Each structure stands twice: as structure tokens, then as C-alpha cells.
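Structure first, commentary second.
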Amino acid sequence: MSHLQPRDDHEAHAALRYRLLGIDTQQEYVIYMRRDCHVCRAEGFQSQTRVRVDLGDRHIIATLNVIDSDLLLPGEVGLSRGAAQTLAADEQSRLQVSHAPTLESYSALRSKIYGHRLDASAYRSIITDVSAGHYSDMHLAAFLSACAGGRMDLQEIIDLTRAMVEAGTRIDWGRTPIADKHCVGGLPGNRTTPIVVAIVVAAGLTMPKTSSRAITSPAGTADVMETMTNVTLDLGGMRRVVEREGGCLVWGGALSLSPADDLLIRVERPLDLDSDAQLVASVLSKKIAAGATHVVLDIPVGPTAKVRSEEDARRLTTMLQQVGDACGLNLHIRHTRGGQPVGRGIGPALEAHDVMGVLRGAAHAPVDLRMRALNLAGDLLEFCGKAIPGTGHSLAWRLLDSGMAWQKFQGICEAQGGLHEPPVARIKDPVIAASSGHISHIDNRRLSRLAKLLGAPTTPTAGLTMHVELGDSVQRGMPLFTLHAESTGELSYAKEYLKSHPILTISDEAAK
């Protein structure tokens, strides 16, 4: 259900002149008004009031921020960047502002906050309003918190997943199987998806891969692919690529697939709720909406990964299988090691260099990334019936080593707008070992944080390159990893963080 709806019986109010303020609040719609504005006074608006903003036949529901300075002149109103883009506002626009209608789904939200079970219609009501942009970040956080910590039973997770699918676009490819692959995350690097897509599509399967951008991690698959090709395709463009090449690697955010999920994730990750129920609904709703029929899921397990124990992995696996079965989605789930990053590069362009190295068969390509991608591709080839059991991995190996996967990857990128080499950072600064010993621990979470402080993913070339793995012996003065940045300010900031947050533990050789 789109938030771009025509005005119905909405009472018009005195128009306010729009003024560009250049404030980015990501996807949250915010409106800025002077406290002494005649509309504010007449309507009794206060900060955090939810208001309806109309411009022509478009409207949004936004959160009010009140201004007590001359940032706005009398009779002017400002909008966050996302709100202005949705309304297509410019400085000749005249906006009308009034109280937002009361949402019926708020009663269901309150019920869940108090610990009550919700039925399918209640979840549909909430997700419809979330997708329409009617929930503030405050309401989204309340919903996520109310659903976390085991507060949803199996049927509720199924109902939430279905509601998230119904609220967006659902693609029908008119054939089966439609292959897909997903990793639940938590490992820096680990950019297996482009390699798996190239192998599987080279084998003749259909794999229309939609991926996300990073929100709190150093890179998402869409960020990595964008350093090599265009990923912002509409549904028609995506279909043309898939019909021509058999697969694609595009950004899902441009396709309105499970749009509520994008809004919920934006609030969920900074809260660090780690809700299994939300993770299951998020992952599976996107796969169902994209038209997938057979999905291989990678669950890395490690002390600083998202899933930290085998017990947690088994519980999550059971939940995913049960919800997948209820929604008619075939799942094959693999538990993998999650004790350290995968590949060498961490950050969009650096991960892209790793991907290209594996696909080209370069001598310097990271072996762990190659083997992980081959295992997942082999699983998917067998799962979709392209290889008999026990032969999928050898088929994947042949497709990669023969160059067929690299040819297919090039074809997909050319169909999406052209293939180009990933860029390289202007500044590189190695970090050396202060002592000799062996690498006994790598903190994935701190590693991700460090890459972000260097500028990733906003700056595609930023991040770091790993030179060591768990168990490696190192000598004092050896390079452990190299920092990549475009500005000295970000480099200095990251190095200050590193002083008090070491990402590697070097143990004495005697302790090995």
C-alpha cells in the first residue's frame, strides 16, 4: 500500500512556503515549523506531533520538529530530505499541514506492547501502516521491542512474514525453480553472493538476486556490486536482465519488495535487538516477494558473529524451516564457521576486488572466500536439481575454474549497465604487530566498527585489508592489516578507536 495517495476529504489549511534545509534523517519523514507559525498555534502542534503534509495529490505523515530561531522565516516550513523527495517538493511548493488521522493499528501495537498475542489481521494492519510511512521511528522501535525476546509464537511469525509480503510487490517469474541465497550476517567480508550467482546462473539456473545496502555494517552486497556496475534497476529493468542472462545482482530497495522490512531494519539494527522472529520474517519475506522457490541460507556461528552458539543456530534453523514450510518456501540451511572475517577486504570496493579475484582465478584471490562460495553454490545446484546429490560442489568447481562463471558475471554486469573496475582509496596506512606470537582471536564486531569509522560504506573505497588469519604466526613489525581512507580526518578518528579497541589478540608462541 503506497503512501503516495491522493487527498480525499481532507480539510485544506493555509499554505506554507517550502524552504530547503538539507537535513538528512534517512527514511524518517520529519517536518520543521516555527513555534510562532500560525498553523502551529491554530492546530496546537507541539514537537513530536504526527502531522499530515499535503502537496498536490501527494501526502505523507511526518513527525514535527519545532524551531525557535530564524532558520525558517514566518510562513515557511522545512522537510527532511526523504520527505521532500517523496512529495517532490521544491522551493516554489506550497504545503498544507494538518493533524494526522488516528491509526487503527495503534490499538494492536499497544496490545502487543502489553504482551498480548496478535492475530493475522492485526499484523496486516500494523505492517500496512508501517509500509505507508505512517509510523514514526518511535512507533517502529516500540513495535520491534514488543516483538523481541521470544514474545512471538510460531504462528505470529508466520503471520508477520505473510503481512510483510502482502504489503509490497511480489514477483512471479512464471517458472520453477527460482534460486536464491542469503547469509544472516555478522561476518565482515564474506561477499560470497556475487560469486554464487555467477556460478549458479552459468549452470543454467534462474537466480534473480536482490540485495540490500549496508545499514550498520561496512558493506552490503548492493554496495559492493555498485562499485562494479549499476544496481538501481526498476522491476522492468530487472526482468530484462534476468531474461537475457538468467540472473541479476540488483538493489532490492528500488523494487518495493517487502517495504516494511527496510523501515524496520533501519530502526532494529541500532537497537541491537537480535530478534530471531524479526530476522526470520525479514529474510523470508524478501525471498518470497522476489519470487524465490529454493533458498540456501548461510548461518555463520562464532563468538563475535550474529549467531554465537550452535544452540542458537539450531533454534534459528528450526524457526526458519517451520516458517518457510508454512509459506511454501523451500530452504536448505548450512551452518558455517564464524570466528573471523572472510576474504581480505572489508568495505565495498575492497570486497569487490576480492570477488573479482576469485571469479578471474587470480593467484592472490582469498582461498577462504573461494571455498565458501563453492560450497554454497554446490548446495544450491543440488537443491535445485541441477546436480545429483554429491556432485554439486564438483560442478561448481568446474564452472568457476573454466571461466564460465566469470563470463556470466561479466554478462550480468554488462546487461545492468556495464562492468568497471572497483576504485582504490587515496590513503593507505598499515598497522603493524607490536609483539610476536600467533593470532588467537579476531573481534568481528570491532572490525566492522573500524571499517565504518574509516568511511565505509558511504565512501566506497574506505575500509581495511586483512593480512593475517586465526592461527597465523606473526613477528613484531609485521603488517597485520592496512587501513584505507579518503580523508586524513577519518583515518585519524579510526586510529584513535583502534588504540582502545584492539581487533586482534596476539598470544605468546608458548600458549599456542
In the range 337-370, what residues are free of Cβ contacts under 8 Å to residues at least 60 places away in the same chain, open to solvent by 10 Å² or more (accessible area, probe 1.4 Å) and under 23 Å from residue 456 (Cβ atoms)?
362, 364, 365
Within the range 432-444, does at least one residue satisfy the condition of being surrounded by fewer than 19 Cβ atoms within 10 Å (Cβ to Cβ), closer than 14 Å to residue 483 by Cα and of a type outside the set (Gly, Ala, Ser)?
yes
What about residue 325, is it among the acidic types (Asp, Glu), out of contact with any Cys (no Cβ under 8 Å at 6 or more places or on another chain) and surrounded by fewer than 20 Cβ atoms within 10 Å (Cβ to Cβ)?
yes
Given the options 175, 213, 170, 240, name the one that is touching a Gly at 6+ places or on another chain (Cβ under 6 Å) and among the charged types (D, E, K, R).
213
Would a scan of the range 92-108 turn up a residue that is open to solvent by 30 Å² or more (accessible area, probe 1.4 Å), part of a loop (DSSP other than H, G, I, E, B) and within 15 Å of residue 21 (Cα to Cα)?
yes
Scan the range 43-87 for residues that are in a strand (DSSP E or B), open to solvent by less than 20 Å² (accessible area, probe 1.4 Å) and in contact (Cβ under 8 Å) with a residue 40 or more places away in the chain and jot them down.
51, 53, 54, 59, 60, 61, 63, 77, 78, 79, 80
Could you grab me the full set of residues in the range 119-130 that are open to solvent by 10 Å² or more (accessible area, probe 1.4 Å) and either of a type outside the set (Asp, Glu) or in contact with a strand residue (DSSP E or B) (Cβ under 6 Å, 6 or more places away or on another chain) (or both)?
120, 121, 122, 124, 125, 128
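The values are calculated or read from the model by the stated rules, or taken from the named source; none is laboratory data. Owing to the predicted nature of the structure, the values given are computational and were not obtained by experimental measurement. Counting neighbours? That spans all protein chains shown, and the Cβs are built from the backbone with ideal geometry, glycine included. These accessible areas exclude ligands, DNA and RNA; they are computed on the full protein's heavy atoms, side chains included. Shrake-Rupley method; radii C 1.70, N 1.55, O 1.52, S 1.80 Å.
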